[in-house]
Amino acid sequence: MTGSAVRHAETVTFGGAGLDRSSDLRTEAGKISRLLNSRAAQVLPVWRSKLPIEGATQDRLVFRPANDPVFADATNTPVFLGQHGKTPYFARDISAWRAPEQDTSQLGSFTDSSEQTHPDLKPDQRFVELRRIMARLSPLDAEIAAMAVGVFSWHRHHSHCSRCGVKTEIAQGGWQSRCSSCNSLHFPRTDPVVIMHVTCGNQLLVGRSPGWPEGMYSLLAGFMEPGETIEAAVRREVFEETRVTIGAVSYLASQPWPFPSSLMIGCLARATSRDITIDPVEIEDAKWISREQVLEGWANPGSTSIAMRKGAIAHFLIKNWLSDILS
Ligand SMILES: [Zn+2]
């Protein structure tokens, strides 16, 4: 690989399927309402960031008509996601619904493996955490899922005006909030994160954070800061965490990561030094590994695992590196 974008970069999970967001319609409340109440409308119930799925071999999102009883507990209006072909897509937050006598102890945790059923959905349709199923969704379902989970997370955490503290009103089909007190407008935020595929010859730099499962390593990553270029963020993060210095930096691929609002920016970074001194506040360990070691780990998951989570951009970038199709 020579260091430009990954071929087929948008085949990454959450890479999109060409949903037309139809943002020109967001100011047209009447048109959105007509689309919502049309027979073609597909409305996704979202419950505490969990999504309803069905299917045995490949998971599919469960959509319902706008007037379905499953939305009885919804407090806000549906968010207009866009259109694909002639189908308008919406999502609606039903987090006010309680799941009586079901396991809710893991809700909100990174590794929530619990599933909940809803009395107004079929028994085999269940709410699951998106990270568990993201790699098994179609590109369109994954795109819709990322939009819905991300936008509702923003609604949940930004319900009040950041300038004057007054509760805001949702506008523009769910993609804006307005403060009636100071007239400021607010929009869903996206937080850029650089994630680095740092190489030195045949070797890759990987690290692990405190609290990760035993033996798990992945690519280094970190939030960008105001006033910083992508390249500078890559060099700063790698140096802060490992004291490894970086020369050339180039863009590989990006991935929306709605947990809750990140955009992962995958970069190839050429190391100009090899000695590692970790910052124990940021990471627990870092090391260089060869292609062969990664392949061996992927073939025999055991004591050491490198970026095993399918669907995450780290896995995608490393898989492309192993296949040598970074071009
Ligand atoms: Zn305000």
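Answer yes if at least one residue in segment 41-56 is farther than 21 Å from ILE94 by Cα and either of a type outside the set (S, T, N, Q) or within 26 Å of the chain's Cα centre (by Cα) (or both), and no otherwise. Steps first, please.
Taking segment 41-56 as the starting set, the residues that turn out to be farther than 21 Å from ILE94 by Cα are 55-56.
From the residues that got through so far, the ones that are either of a type outside the set (S, T, N, Q) or within 26 Å of the chain's Cα centre (by Cα) (or both) too are 55-56.
Within segment 41-56, one or more residues are farther than 21 Å from ILE94 by Cα and either of a type outside the set (S, T, N, Q) or within 26 Å of the chain's Cα centre (by Cα) (or both).
Go through segment 189-208 and give me each residue that's crowded, with 18+ Cβ neighbours inside 10 Å and under 30 Å from CYS161 (Cβ atoms).
Of everything in segment 189-208, just one residue is crowded, with 18+ Cβ neighbours inside 10 Å and under 30 Å from CYS161 (Cβ atoms), namely VAL193.
Hey, among MET224, MET308, which residue is under 30 Å from PHE152 (Cα atoms), touching an Asp or Glu at 6+ places or on another chain (Cβ under 9 Å) and either touching a residue at least 24 places away in the same chain (Cβ under 8 Å) or small (Gly, Ala, Ser) (or both)? Please lay out each step first, then the result.
Numbers: MET308 fails: touching an Asp or Glu at 6+ places or on another chain (Cβ under 9 Å).
When all the criteria are applied, what remains is MET224.
Is it true that ARG132 is farther than 28 Å from LEU36 by Cα and touching a residue at least 12 places away in the same chain (Cβ under 8 Å)?
Yes: the conditions hold for ARG132.
Got at least one residue in segment 199-221 being among the acidic types (Asp, Glu) and either within 16 Å of the ligand (Cβ to nearest atom) or over 25 Å from the mean Cα position of the chain (by Cα) (or both)?
Pass one, segment 199-221, residues among the acidic types (Asp, Glu): 214.
Filter again for either within 16 Å of the ligand (Cβ to nearest atom) or over 25 Å from the mean Cα position of the chain (by Cα) (or both), leaving none.
No, segment 199-221 has no match at all.
Being of a type in the set (S, T, N, Q) and either in contact with a Leu (Cβ under 8 Å, 6 or more places away or on another chain) or more than 16 Å from the ligand (Cβ to nearest atom) (or both) is the filter here, so list the residues in segment 139-170 that pass it. Steps first, answer last, please.
First pass over segment 139-170, keeping only residues of a type in the set (S, T, N, Q): 153, 159, 162, 168.
The one that is of a type in the set (S, T, N, Q) and either in contact with a Leu (Cβ under 8 Å, 6 or more places away or on another chain) or more than 16 Å from the ligand (Cβ to nearest atom) (or both): SER153.
What tally of residues in segment 86-106 results from selecting those that are surrounded by fewer than 16 Cβ atoms within 10 Å (Cβ to Cβ) and either in contact with a Phe, Trp or Tyr (Cβ under 8 Å, 6 or more places away or on another chain) or at negative phi (or both)?
Initial filter on segment 86-106 (surrounded by fewer than 16 Cβ atoms within 10 Å (Cβ to Cβ)): 86-87, 96, 98, 100-106.
Narrowing further to those that are either in contact with a Phe, Trp or Tyr (Cβ under 8 Å, 6 or more places away or on another chain) or at negative phi (or both): 86-87, 96, 98, 100, 102-106.
Of the residues in that region, 10 qualify.
Have a look at LYS310, LYS319 and point out the one that is under 23 Å from the mean Cα position of the chain (by Cα), closer than 27 Å to GLY15 by Cα and either loosely packed, with under 13 Cβ neighbours inside 10 Å or at pLDDT below 90 (or both). Let's see the steps before the verdict.
Values: LYS319 fails: either loosely packed, with under 13 Cβ neighbours inside 10 Å or at pLDDT below 90 (or both).
When all the criteria are applied, what remains is LYS310.
If you scan segment 179-198, which residues turn out to be within 16 Å of the ligand (Cβ to nearest atom) and either closer than 22 Å to LEU263 by Cβ or out of contact with any Ser or Thr (no Cβ under 6 Å at 6 or more places or on another chain) (or both)?
Kept after step one, since they are within 16 Å of the ligand (Cβ to nearest atom), are these residues of segment 179-198: 179-187.
Answer for segment 179-198, where residues must be within 16 Å of the ligand (Cβ to nearest atom) and either closer than 22 Å to LEU263 by Cβ or out of contact with any Ser or Thr (no Cβ under 6 Å at 6 or more places or on another chain) (or both): SER180, SER181, CYS182, ASN183, SER184, LEU185, HIS186, PHE187.
Only one of (1) of a type in the set (A, V, I, L, M); (2) surrounded by fewer than 18 Cβ atoms within 10 Å (Cβ to Cβ); (3) closer than 30 Å to HIS160 by Cβ is not met by MET264, so which one is it?
Looking at each condition in turn, MET264 falls short on (2).
The values are calculated or read from the model by the stated rules, or taken from the named source; none is laboratory data. Worth saying up front: this structure is predicted, and the values here are computed from it rather than measured. Glycine gets a Cβ as well: all are built from the backbone with ideal geometry, and neighbour counts include every protein chain shown.
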